[in-house]
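Each remark here refers to the structure printed beneath this line.
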């Protein structure tokens, strides 16, 4: 597809998004606020969408593509306007409701809307004989509880699927990492630790206070089912997991990690084990809403990020994981 045509489609999609009366759609307050936070930076988000599409080398923008963890659905609408057969997938029922309302209002909705994660996506594809060619996931991978399971299921869906994941949880950016660690520690201290303590004390009234405190600390980063397995092992044979020195923590109810930061080598190991290959590239900064001086500064940074490779990842606002079959050259 010609570059000018893609730009025309992008401008049309952005125009529709910016001129939509979201308050009249009956969207829940949380998603409504999230959308209003995004709208001033909508051009930047579309630049990220286009970078992912370019990295996938989709050619004429044909084929079936999955918008995984699609949230508000702006990416799905853009992909649909470009000519893809679009599968939207999100495990949040409020997001499902939102994308249906926005898609109808924009007159460009995903072809298929799936409530769930890779298990539901896999079941739907198998039942309907669908083999997705591509997948894009924006700021989702850092929240997934079980990455091994995720990529194993994606491999079952299509071992040759080309994928792009972006994450702002860049392990190489020290300043950004430090800020995220502080946020994780606050959420852990104020919410998740007490949730685990309450769960363990409720299900194991035989434990004393010291046991409950110890097990609550050691179960950091586990969902309730895995906490149950851990406490049962402790009861049976006294075994305890080793406490890893990590700030990463997750909601024990949903399993959603708080911007989990993983080393690049960990991503690579998990993805390779599932039968895929991964390469990493740098994200970039927005320059549209900056003053003239800041535009020059961030343009220079983006040039460094584009050509600086892994060393420049230390200043990248996000990273991109490009994933493909090990057998694809």
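Screening residue 111 with (1) over 17 Å from the mean Cα position of the chain (by Cα); (2) buried (at least 18 other Cβ atoms within 10 Å of the Cβ); (3) more than 23 Å from residue 325 (Cβ to Cβ) gives one miss only, at (2). Yes or no: residue 44 closer than 24 Å to residue 167 by Cα and out of contact with any helix residue (DSSP H, G or I) (no Cβ under 7 Å at 6 or more places or on another chain)? So residue 44 fits the description; yes. Go through the residues of the stretch 27-48 one by one and say whether even a single one is in contact with a strand residue (DSSP E or B) (Cβ under 7 Å, 6 or more places away or on another chain) and surrounded by 13 or more Cβ atoms within 10 Å (Cβ to Cβ). Taking every residue of the stretch 27-48 in turn, at least one turns out to be in contact with a strand residue (DSSP E or B) (Cβ under 7 Å, 6 or more places away or on another chain) and surrounded by 13 or more Cβ atoms within 10 Å (Cβ to Cβ). When the residues of the stretch 75-87 are filtered to those that are outside any loop (DSSP other than H, G, I, E, B) and touching a residue at least 60 places away in the same chain (Cβ under 8 Å), the one that is nearest to the chain's Cα centre (by Cα) is 75. The set of residues in the stretch 264-280 being touching a residue at least 60 places away in the same chain (Cβ under 8 Å), under 20 Å from residue 309 (Cβ atoms) and surrounded by fewer than 19 Cβ atoms within 10 Å (Cβ to Cβ) consists of 264 alone.
Do we have residue 96 as out of contact with any helix residue (DSSP H, G or I) (no Cβ under 9 Å at 6 or more places or on another chain) and crowded, with 18+ Cβ neighbours inside 10 Å here? It is true that residue 96 is out of contact with any helix residue (DSSP H, G or I) (no Cβ under 9 Å at 6 or more places or on another chain) and crowded, with 18+ Cβ neighbours inside 10 Å.
Considering the conditions (1) in contact with a strand residue (DSSP E or B) (Cβ under 8 Å, 6 or more places away or on another chain); (2) within 22 Å of residue 45 (Cα to Cα); (3) surrounded by fewer than 16 Cβ atoms within 10 Å (Cβ to Cβ), residue 143 is excluded by exactly one of them, (3). Of all residues in the stretch 54-68, those that are touching a helix residue (DSSP H, G or I) at 6+ places or on another chain (Cβ under 9 Å) and assigned to a loop (DSSP other than H, G, I, E, B) total 2.
Within the stretch 214-235, residues that are at positive phi reach partners that are outside any helix (DSSP H, G or I) and at pLDDT 95 or above with beta carbons closer than 8 Å, at six or more positions or on different chains, in the pairs 221/248; 221/249; 221/250; 221/257.
Quick test for you: out of 192, 165, pick the one residue that is in contact with a strand residue (DSSP E or B) (Cβ under 8 Å, 6 or more places away or on another chain), over 18 Å from residue 279 (Cα atoms) and surrounded by 16 or more Cβ atoms within 10 Å (Cβ to Cβ).
192
Just one of the listed residues (17, 6) is over 20 Å from residue 120 (Cβ atoms), more than 21 Å from the chain's Cα centre (by Cα) and at pLDDT below 95, and it is 6. Restricting 125, 164 to those that are within 19 Å of the chain's Cα centre (by Cα), at pLDDT 95 or above and either part of a loop (DSSP other than H, G, I, E, B) or more than 27 Å from residue 222 (Cβ to Cβ) (or both) reduces the list to 164.
The values are calculated or read from the model by the stated rules, or taken from the named source; none is laboratory data. All values derive from a computational prediction rather than experimental measurement. With ideal geometry, Cβ positions are generated from the backbone for all residues, glycine too; neighbour counts draw on all protein chains shown.
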